[in-house]
Amino acid sequence: MSQRVSLRVLSFARAALAVAVIGAATAAHAVTEIQWWHSMTGANNDRVNALAKRFNDSQKDFKVNAVYKGSYPESMAAAIAAFRAGNAPHVLQVFEVGTGTMMAAKGAIKPVYEVMSEAGEKFDPKTYVPAMAKLKASGHACPFTTGWQTWTQLESFSAWHNVPFLTKENGFAGPDAKLVFNGPVQVKHIENMQDWIKKGYFVYGGRKNEPEAKFFSGECAMLTTSSAAYGTIKQNAKFKFAESTLPYYADVPGTPQNTIIGGASLWIMSGKSKDEYKGVAKFMSFLSQPDVQAEFHQATGYLPITMAAYDLTKKSGFYEKNPGTDVAVQQMIVKTTNNSRGVRAGNFPQIRDAMDEELEAVWAGKKTAKQGLDDAVKRGNEIIDRFNKANKS
């Protein structure tokens with residue numbers, strides 16, 4: 001079961017790209033270098049490097065250097081620190097929940113539409129996509145595990161069931177929104193998962209993508225995680241596997257709705273030269289080409305960022321040859337609601353840490369599901385309050 005997300009290789013609707021320069025020159029021709037910091041690992045790291053190489057081979061004026069900078073929180077913190085020191089990267093990949101923090105980084109970003117317009121590159125926002133028991137009985141020691149537990153089991157779970165995660169339209173209507181993911185639907189679900197642990201149906205494997213290895217190694221029979229795990233699973237699994245939509249409680253009105261796009265956005269940092277922004281804009285245009293997006297989508301499982309790339313993939317017969325690979329797309333191409341278009345809150349990575357700690361207390365039997373979620377909401381709202389006080393503008 002895999003759900004998700006595009007590298008959002010461009011979150012054009014509201015994102016910006018980070019850009020930094022190292023102009024390497026030769027006697028014959030000056031080449032502007034663009035540093036692209038990212039957090040892609042495994043097979044997806046190989047794909048990012050291949051994207052950079054393909055762009056570099058397509059022209060002679062600019063060179064993109066793709067550099068792995070650690071986890072999403074690590075790369076975001078490193079880029080902000082580099083910006084303050086005056087040597088930010090050109091292109092920075094930041095996970096979706098880092099959007100609020102990036103937008104609050106005063107003076108650090110430059111909107112994509114400005115960069116594209118100033119460089120004379122075509123840009124139209126409208127072209128981009130908007131958003132067990134039998135296994136245990138048969139002897140499986142690990143019938144089910146989950147990657148990215150806060151994202152799959154609370155954030156996307158809430159959107160999938162059309163129930164609020166935050167007040168104020170999940171934070172889109174104002175920065176003073178409050179977390180409310182301790183509602184009856186979410187509590188019921190976490191109670192069930194706690195019961196599954198006791199019965200041996202659910203085995204906890206880690207906060208991020210660590211549980212994916214339990215699946216492709218054959219240890220666990222089912223997995224909920226990002227669709228971006230597709231490339232790595234395909235590369236490592238020695239067995240056939242299938243993908244499906246996330247499960248849902250049919251007695252909850254309005255289900256299923258849509259899941260929350262994850263992945264990451266590319267941000268453009270401010271303070272760079274005209275020539276550097278020209279190179280970034282050209283790179284953005286390259287990344288948006290339907291064939292480039294289609295190839296990346298098919299190889300990694302990330303969502304294509306344009307409908308043209310999706311249509312190209314569909315016409316190629318890829319979905320027919322690889323059943324289930326269109327699940328993530330189908331979960332997104334519906335009209336969103338205020339409860340399902342995403343979440344917005346400052347310092348969300350720290351909120352996730354609090355959520356992870358409280359869920360781990362529930363899995364260990366130290367707290368009830370209600371107590372764990374109540375405590376996670378309380379701690380998360382305190383983090384939001386501190387963020388808002390520090391970023392009043």
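The values are calculated or read from the model by the stated rules, or taken from the named source; none is laboratory data. Values in this document were obtained by computation on a predicted structure and should not be read as measured data. Cβ: placed from backbone, ideal geometry, glycine included. Neighbour counts: every protein chain shown. Quick note on the areas: whole protein, heavy atoms, side chains included, nothing else; ligands and nucleic acids left out. Shrake-Rupley method; radii C 1.70, N 1.55, O 1.52, S 1.80 Å.
Taking the helices alone, the chain has a mean residue ellipticity at 222 nm of -12500 deg cm²/dmol, built from -39,500 (n - 2.57) per DSSP H run of at least 4 residues and averaged over all its residues.
Given the chain, what percent of its DSSP beta bridges are antiparallel, to the nearest 5? Of those bridges, close to 45 percent are antiparallel.
Element breakdown for segment 32-139 at a 1.4 angstrom probe: carbon and sulfur atoms account for 53% of the accessible area. Let's test the formula: R0 of 30 Å, r as the Cβ-Cβ distance of Phe241 and Thr167. What FRET efficiency results, to the nearest 0.05? The pair Phe241/Thr167 has a calculated efficiency of 0.20.
Considering only Ser288, Tyr277, Ala309, and ranking their Cα positions along the charge dipole of segment 244-393 that arises from unit charges at the beta-carbon of Lys, Arg, Asp and Glu, the one farthest toward the positive end is Tyr277. If you wrap the Cα atoms of segment 341-392 in a convex hull and average its projected area over all directions, you get 4.0 nm². Convex hull of alpha carbon positions in segment 329-368: directionally averaged projected area 4.5 nm². Taking Cα atoms of segment 145-304, Rg/Rh with Kirkwood Rh, to two decimals? Reported Rg/Rh, Kirkwood definition of Rh: 1.04. Dipole check for segment 138-293: with +1 at the C-beta of Lys and Arg, -1 at the C-beta of Asp and Glu, and the Cα centre as origin, the magnitude is about 300 Debye. Computed from the C-beta positions of Lys60 and Lys274, the FRET efficiency with R₀ = 22 Å rounds to 0.75. Among the lysines, which have Cα under 22 Å from the Cα of Lys106 when same-chain residues fewer than 8 positions away are ignored? Filter leaves Lys272, Lys274, Lys389, Lys392.
Note on the chain: with charges restricted to the Cβ of Lys and Arg (+1) and Asp and Glu (-1), its dipole about the Cα centre is near 80 debye.
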